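What follows is a short report on a single structure.
None of the figures in this text is laboratory data; all of them are computed from the coordinates on show. It should be emphasised that the depicted structure is a prediction, and the values quoted were computed from it without experimental measurement. Glycine also receives a Cβ, built like all others from the backbone with ideal geometry; neighbour counts cover every protein chain displayed.
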Amino acid sequence: MEANAKPTSVSRSIKTMLVFPGETNYHGTMFGGHLMKYIDEICVIAAMRHCGRRVVTASTDSLDFMSPVRMGEAVELEAFVTWTRRTSMEVYCIVRAENLETGERRTTVTCFNTFVAVDENGKPAEVPAVIPETDVERRLHESAPERYEMRKKRRETSFFT
């Protein structure tokens, strides 16, 4: 294991907030774009906690909306680094909604984002390896190389390259 490797718990970041009318559409559910912004923000924090540097978003993939977040519910975003390469980090994010009156909690979104650490000149910078600590973290870590290859293939077959 790499000498400066860090456990997943170092990067784990959680944000909880209420969903207000200004964040909802005419269905009374949270705008997907608002939620995507919050996902990017919490994932940036997780990535920066892991590497101790500024980061840039390289990709967002597997953004799966499973159920809506309704006005008046609490929304909780949890993110942590699952895997690293030389300068990049894969960050997993899970979003849960909670009806604060009934206590019902449900997963609403899961996704993976990739970030690249950058130095003071904006050039890619090396990042430490990650040490998974739980069974879920180990499964995500073990399956990350396959997701990396899928992202790489997607970039190679992009219409705009």
Rounded to the nearest 10 degrees, what's the angle between the helix 32-51 long axis and the longest principal axis of the chain, both from Cα atoms, 0 to 90? 40
Which residue, MET89, VAL109, THR29, has the largest displacement toward the positive end of the dipole of the chain when charges sit on each Cβ (Lys, Arg +1; Asp, Glu -1)? MET89
Among ASP135, ASP119, which comes first, second and so on when ranked by fewest other beta-carbon atoms within 10 Å? ASP135, ASP119
Fewest-first sequence of PHE112, PHE65, PHE80, PHE20 by Cβ atoms within 10 Å of each Cβ: PHE20, PHE65, PHE112, PHE80
The chain: relative contact order in percent, alpha carbon pairs under 8 Å with at least 6 residues between: 27
Which of HIS34, HIS50, HIS27 has the fewest Cβ neighbours within 10 Å, and the rest in rising order: HIS27, HIS34, HIS50
For PHE31, the residues 5 or more places away or on another chain with a placed amide H closer than 5 Å to its own amide H are THR24, ASN25
I'd like the orientation of helix 135-156 relative to the chain: the angle between its Cα long axis and the longest Cα principal axis, in ° from 0 to 90, rounded to 10. 80
Explain nothing, just the number: dipole magnitude of the chain about its Cα centre with +1 on each Lys and Arg Cβ and -1 on each Asp and Glu Cβ, in debye rounded to the nearest 20. 420
Dipole size in debye (nearest 20) for segment 105-161 around its Cα centre, Lys and Arg Cβ +1, Asp and Glu Cβ -1? 440
Short to long, in 10 Å steps from zero, the percent of alpha-carbon pairs of the chain per bin is 11, 37, 32, 17, 3, 0
